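Shown next, in structure tokens, is the structure this report addresses.
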Amino acid sequence: MSVFDGLKFRRVYSPIHNLDPRIKFIYVCAIFVIAIMFGELLPLIILFTFQIPFVLLAGVKREWIRSMRGAAFLATIIFLTNFVFAYLGARGIGQSLENAVAMTLRFIVLIESFSIFFLTTSPDHLGLALEQTHVPYEFTFAFTTAVRFVPVLAEEAQTIMDAQKARGLELERGNFLKRIRNYIPILIPLIVSAIRRSLELAEAMESRAWGATKKRTNLYVLKMHKGDFILIAITIGILAVAIYIRLYLPIPSINQLLANIN
Amino acid sequence: MIEVEDVYFTYPNGIEALKGISLTIKNGEFVAIMGQNGAGKTTLVKHFNGLLKPTKGKVSIDGVETTKVSVATLARKVGFVFQNPDHQLFSETVEDEIAFALKNFGFKETVIKKRVSWALNLLGLTKYRKTSPFMLSGGERKRVALASVLAWDPKILILDEPTIGQDYQQKEKLRQFILQLKAQRKTIIIVTHDVEFVAECNPRVILMREGKIVADGEASKILTTPEVLNQAFIVPPQIAQIFFQLSDLGFPRNIIDIYEAREILLKAIRRKTM
Amino acid sequence: MAVIQTRNLTYMYPTATKPAIRDVSIKIEKGEFVLITGPSGCGKTTLCRCFNGLIPHFYQGEINGEITVAGLNILEHPTSELAKHVGLVFQNPENQLFALSVEKDVAFGLENLGYPREKMQKRVDWALNLTGIYELRERAPHELSGGQQQRVAIASVLAMQPEIMVLDEPTSFLDPLTAKKIFEVIYELNNTLGITVVLVEHRLDLTAQYSNHIIIMNQGKVVLDGEPREILSSKETRLIGVGIPKATRLYQILKEDDGVKLGKKIPLSSEEMTKLLREVIKT
């Protein structure tokens, strides 16, 4: 019911959502490595465009655009510093510009692939993946429980704020120190309630046979499907092509291409 | 006086919680806002002290529109006791907890002292003055929360779900207390789905469903109209149920009070046996 | 056969100065629907925690007396083992669901017990169907309404097929109509599957009609224990300040104070009271 709504994962079904998170993660890492391999603009543009079909297929265009917009500020800074330094390093404007755009795009590609991963992987899927890559269950349980309770606590913080405002608390009043102190009446109830909650949670877990056997089973099992194999093939394919290009082919800069056309 | 004119409210996440609410609550009235969870009851009362501002329409308290003043200013007039006392208790002692709002409102030290003692006494908490609120039982914590609001003597008092988790005796005490405040001409608004409690208090009832008001009137009328109650997903009080079931024998259908029920039934039974 | 039996059970929480329950001796038979009630702080919740060994295994503290549940001495068996026999449902549904899908939450206990997957899925579906939430199985529990959440909580202990279900004020956050439906689900489990139900409640107007055994506690002690109609119409109950159903109270007033000759069967619901009234008014 508040600004914290964005933290809730929306359950959607799409070919991308259904992919095995482990494979998706490998794919993201591969894109990461390739982006680091190339400093030239042309391959980075290709890499950037290459991932757009994934976004469309997953149907998360709006969320994706929002996360890209979130990265815009950092991207601008990266662009400006790169441009200024290249220019000061006595390169021509055209080349400096191209270099700065390339560095910015490299950053954007990284953000792009990670946001696709997180936008299309449900927390329970991720927990399951952790579990099946033999991460101890206690750890994955803590992870999924945290994901589950963050929105609840956020909502609770909102209620507590309302309750204290109703008793005349004005959060934005006073100097810096006073403002920090204004948050004490909100933090204490929040902490007390979180402790109480965790006790109740522990009680409920105990009552449902937590720790009954060492060999815990799982209702869901991650299985590789056709899509996962396709994604593996794509990943290996682009990685191979990228390495080949890096090693054996010269990459023209956009400036050169433009010059050739003329 | 609370005036609500054609108020709509939509949460940032797009949920339309209020869809065209209009009502007036006069000074000294005792009102119960009822309806299923999610009907918009709490959203509505949060408009009365400005915690929420209408997306469309307007809410005024004693003629002042809530958008024109701060929550703190409105709170002086409109006391709001939240459902869960644990959402507000944070002080080291009960005394400090009650003084918190008074300090926020800038009362003088001597006045604060007086008010705190008064509120402690009013709710039978004097012996816990120096106790940590966290050491108290659930019912006692609820009373501390109530005292911390009553301390500044607001004209209008809103109680959100005051009977949840309370046992019969605690409810009975609360009822007595509300009646006492009513006698002092305070405006009291309770948000609740406790039909039996409302039947015993007999306030004006405002029935909500999906962000709209579906009925507004005396408890004995609203709580005995099955068509309306069904709409708001409310089970009628037991006494009312008995009288619906007996209505084919010519009994009135608007009975919720057990002693009134007794009188009517006695008359009917005596008539038969004589 | 008694499924729960205690003898002089006394327990004190680790930081407390006086016992939360004292000399509790009760006997609950298989298949009963037991209602435990009493003023706040009377020890109801503490007693519930003893039934599956949360007390003393989780809470520590000092316990005296005897208690056997489903033939097991709780002092000698951990909660994880008792959980197979006793399912505990708590007051706040929000804090007893922790998975990210309903199905997974219902499976939690079975996963802990190491059930094979196919068997587990069958059990989960069975529990979801009985509680009427099969179509919600893929939803996230925190997106559900309070009533639906409480059904998930019931399903999640039901999946372990316990002989006994203990529910500690399961509907106090719910509105009456939703609460009524939850009580109907609980009654069905008792009636059709023969599960012994122990229900802690203040709302007797909605629950008394289902029970066939009632225990009233006050200040850590059992003060009344027996047949609901007898107990709810007794003077002691009223003096303790238990919220007697209005139908029962009306019967009491008419019969005792006004001397009206009403039928013998003490009513627990409005229907039962109406029937009695019809008898005297029509004849």
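Hey, got the average number of other protein chain Cβ atoms within 10 angstrom for residues in C:151-162?
Details: counts 0, 0, 2, 0, 0, 3, 4, 0, 1, 3, 0, 0.
So the per-residue partner count for this stretch is 1.
Just for chain B, what percent of DSSP beta bridges are antiparallel, to the closest 5?
On the way: 20 of 37 bridges.
Restricted to chain B, the bridges split so that about 55 percent are antiparallel.
What is the mean projected area of the alpha carbon convex hull for the stretch C:191-267, to one decimal in square nanometres?
Details: hull surface 23.1 nm².
For the stretch C:191-267, averaging the hull's shadow over all directions gives 5.8 nm².
For a quick check: with amide H placed at 1.01 Å from N, whose amide H comes under 5 Å from C:ASN218's, ignoring anything fewer than 5 positions away on the same chain?
Those qualifying (amide H under 5 Å, at least 5 residues apart or on another chain) are C:VAL223.
Please tell me which of these pairs span more than 27 angstrom C-alpha to C-alpha: A:LYS214/C:LYS104; B:LYS267/C:LYS265; B:LYS221/C:LYS265? List each step's numbers first, then the result.
Values: A:LYS214/C:LYS104 19 Å; B:LYS267/C:LYS265 22 Å; B:LYS221/C:LYS265 31 Å.
Over 27 Å Cα-Cα: B:LYS221/C:LYS265.
For a quick check of your reading of the filter: which trypsin sites (Lys or Arg not before Pro) in the stretch B:23-65 sit in a DSSP loop and have no more than 13 other Cβ atoms within 10 Å?
Working: sites: B:LYS26, B:LYS41, B:LYS46, B:LYS56, B:LYS58; in loops: B:LYS26, B:LYS46.
Qualifying residues, ordered by number: B:LYS26.
Calculate how steeply helix C:102-112 sits against the longest principal axis of the alpha-carbon atoms of chain C, using the helix alpha-carbon long axis, and give the answer as 0 to 90 degrees to the nearest 10.
70
For the stretch A:98-114, just list the computed ³J(HN,Hα) in residue order, Karplus coefficients 6.51, -1.76 and 1.60, θ = phi - 60°, integers in Hz, with x standing in for Gly and Pro.
Going residue by residue, I get 4, 4, 5, 4, 4, 5, 5, 5, 4, 4, 5, 4, 4, 4, 4, 5, 5 Hz, with x marking Gly and Pro.
Percent of Cα-Cα pairs more than 24 Å apart in the stretch C:45-180, please. Please list the in-between numbers first.
Details: 2832 of 9180 pairs.
Tail of P(r) above 24 Å: 31 percent of Cα pairs.
Students often forget the sequence filter, so: which aspartates and glutamates lie under 16 Å Cα-Cα from A:LYS178 once same-chain residues fewer than 8 apart are removed?
Partners within reach: A:GLU170.
For A:TRP210, B:TRP118, A:TRP64, what ranking results if the residue with the fewest other Cβ atoms within 10 Å of its Cβ goes first?
Values: A:TRP210 18, B:TRP118 14, A:TRP64 21.
So the ranking, lowest neighbour count to highest, is B:TRP118, A:TRP210, A:TRP64.
For a quick check: with amide H placed at 1.01 Å from N, whose amide H comes under 5 Å from B:THR10's, ignoring anything fewer than 5 positions away on the same chain?
Those lying under 5 Å, H to H, from B:THR10 are B:ALA17, B:THR55.
Of B:LYS113/B:LYS182; B:LYS103/B:LYS142; B:LYS19/B:LYS186; B:LYS19/B:LYS53; C:LYS84/C:LYS181, which pairs sit farther than 19 Å apart, going by alpha carbon to alpha carbon? The partial results should precede the final answer.
On the way: B:LYS113/B:LYS182 25 Å; B:LYS103/B:LYS142 21 Å; B:LYS19/B:LYS186 28 Å; B:LYS19/B:LYS53 14 Å; C:LYS84/C:LYS181 26 Å.
Correct reply: B:LYS113/B:LYS182; B:LYS103/B:LYS142; B:LYS19/B:LYS186; C:LYS84/C:LYS181.
Which angle from 0 to 90°, rounded to the nearest 10, does the C-alpha axis of helix C:270-282 make with the longest principal axis of chain C?
20
Taking trypsin sites (Lys or Arg not before Pro) as exposed when DSSP calls them loop (any state but H, G, I, E, B) and at most 13 other Cβ atoms lie within 10 Å, what is the longest stretch of chain A free of them, the sites themselves excluded? Before the final figure, lay out each step's value.
Working: sites that count: A:ARG10, A:ARG173, A:LYS214, A:LYS215, A:LYS223.
Between the exposed loop sites, the longest stretch runs A:11-172.
At what distance in angstrom do the alpha carbon centres of the stretch C:86-112 and the stretch C:21-67 lie from each other?
22
By how many nm would the segment from A:TYR13 to A:SER198 lengthen if fully extended, with 0.36 nm per residue of separation less the alpha-carbon distance? Please report the intermediate quantities before stating the final value.
Values: separation 185, 0.36 × 185 = 66.60 nm, distance 3.18 nm.
So the extension gain works out to 63.4 nm.
So what is the 222 nm mean residue ellipticity for chain C from helices alone, if each DSSP H run of at least 4 adds -39500 (n - 2.57) and you divide by all residues, rounding to the nearest 500 deg cm²/dmol? Numbers along the way, then the final one.
Numbers: 11 runs with 103 residues, N = 283.
Computed ellipticity for chain C at 222 nm equals -10500 deg cm²/dmol.
Points 7 angstrom from Cα along the Cβ direction at C:TRP126 and C:ARG278: gap in nanometres?
The modelled label-to-label distance comes out at 4.0 nm.
Each residue of the stretch C:125-141 in order: what ³J(HN,Hα) in whole Hz does its phi give by Karplus 6.51 cos²θ - 1.76 cosθ + 1.60, θ = phi - 60°, with x for Gly and Pro?
Along the stretch C:125-141, the couplings run 4, 4, 5, 5, 5, 5, 9, x, 10, 4, 6, 9, 4, 9, 6, 7, x Hz.
Note down, for the stretch A:1-138, the three equivalent ellipsoid semi-axes (square root of 5 times each alpha carbon gyration tensor eigenvalue), biggest first, whole angstrom. All intermediate terms of the calculation are to be shown ahead of the outcome.
Working: eigenvalues 216, 57, 38 Å².
Taking √(5λ) for each Cα gyration eigenvalue gives 33, 17, 14 Å.
May I ask you to evaluate 6.51 cos²θ - 1.76 cosθ + 1.60, the Karplus curve with θ = phi - 60°, for each residue of the stretch B:160-169 and list the ³J(HN,Hα) values in order in whole Hz, giving x for glycine and proline?
Once θ is set to phi - 60°, the couplings for the stretch B:160-169 become 8, 6, x, 9, 4, x, 9, 7, 4, 5 Hz.
Could you compute the FRET efficiency for A:ILE184 and A:VAL152, with r as their C-beta to C-beta distance and R0 at 35 Å, rounded to 0.05?
That pair, A:ILE184 with A:VAL152, gives E of 0.95.
If you count, for every residue in A:152-162, the Cβ atoms of partner chains within 10 Å of its Cβ, what is the mean?
Per-residue shielding by partner chains comes out at 3.
Taking amide H atoms as placed 1.01 Å from N in the peptide plane, list the residues 5 or more away in sequence, or in a different chain, whose amide H sits under 5 Å from that of C:LEU88.
C:VAL166
Once you average over the residues of C:240-247, how many Cβ atoms of partner chains fall within 10 Å of each Cβ?
5
Over the protein assembly as shown, one equal point on each Cα, no solvent: what is log10 I(q)/I(0) by the Debye formula at q = 0.07 Å⁻¹?
-0.65
Averaged across orientations, what area in nm² does the convex hull of the alpha carbons in chain C project?
Working: hull surface 64.2 nm².
In nm², the orientation-averaged hull projection of chain C is 16.1.
As I understand it, the value is the acute angle between the Cα axis of helix B:109-122 and the longest principal axis of the Cα atoms of chain B; what does it come to in degrees, rounded to 10?
Helix B:109-122 sits at roughly 30 degrees to that axis.
Per DSSP H run of n ≥ 4, the term is -39500 (n - 2.57); total these for chain A, divide by its residue number, and report the mean residue ellipticity at 222 nm rounded to 500 deg cm²/dmol. If you can, show how the numbers build up before the last one.
Numbers: 11 runs with 191 residues, N = 262.
Roughly -24500 deg cm²/dmol at 222 nm, from the helical runs in chain A.
For B:HIS193, A:HIS134, C:HIS57, which order do you get if you count the other beta carbons within 10 Å of each Cβ and list the fewest first?
Details: B:HIS193 27, A:HIS134 7, C:HIS57 17.
Ascending number of Cβ neighbours within 10 Å: A:HIS134, C:HIS57, B:HIS193.
Helix-only mean residue ellipticity at 222 nm, chain B, DSSP H runs n ≥ 4 weighted -39,500 (n - 2.57), per residue, nearest 500. What is it? Kindly include the intermediate steps, with their values, before the conclusion.
Numbers: 11 runs with 107 residues, N = 274.
Result for chain B: -11500 deg cm²/dmol, rounded to the nearest 500.
Evaluate the relative contact order of chain A (contact order divided by residue number), counting alpha-carbon pairs under 8 angstrom at least 6 apart; express in whole percent.
Working: 185 pairs, mean separation 81.6, N = 262.
Value for chain A: 31 percent.
Would you mind calculating the relative contact order of chain C from Cα pairs under 8 angstrom and at least 6 residues apart, reporting the percent as a whole number? If you can, show how the numbers build up before the last one.
Working: 529 pairs, mean separation 62.8, N = 283.
Here the relative contact order equals 22 percent.
Computed from the coordinates by the stated procedures, all read-outs in this text should not be read as laboratory data. Computed from a predicted model, the values in this text were never measured in an experiment. Quick reminder, even Gly has a Cβ in these numbers, built from the backbone with ideal geometry, and neighbours come from all protein chains shown.
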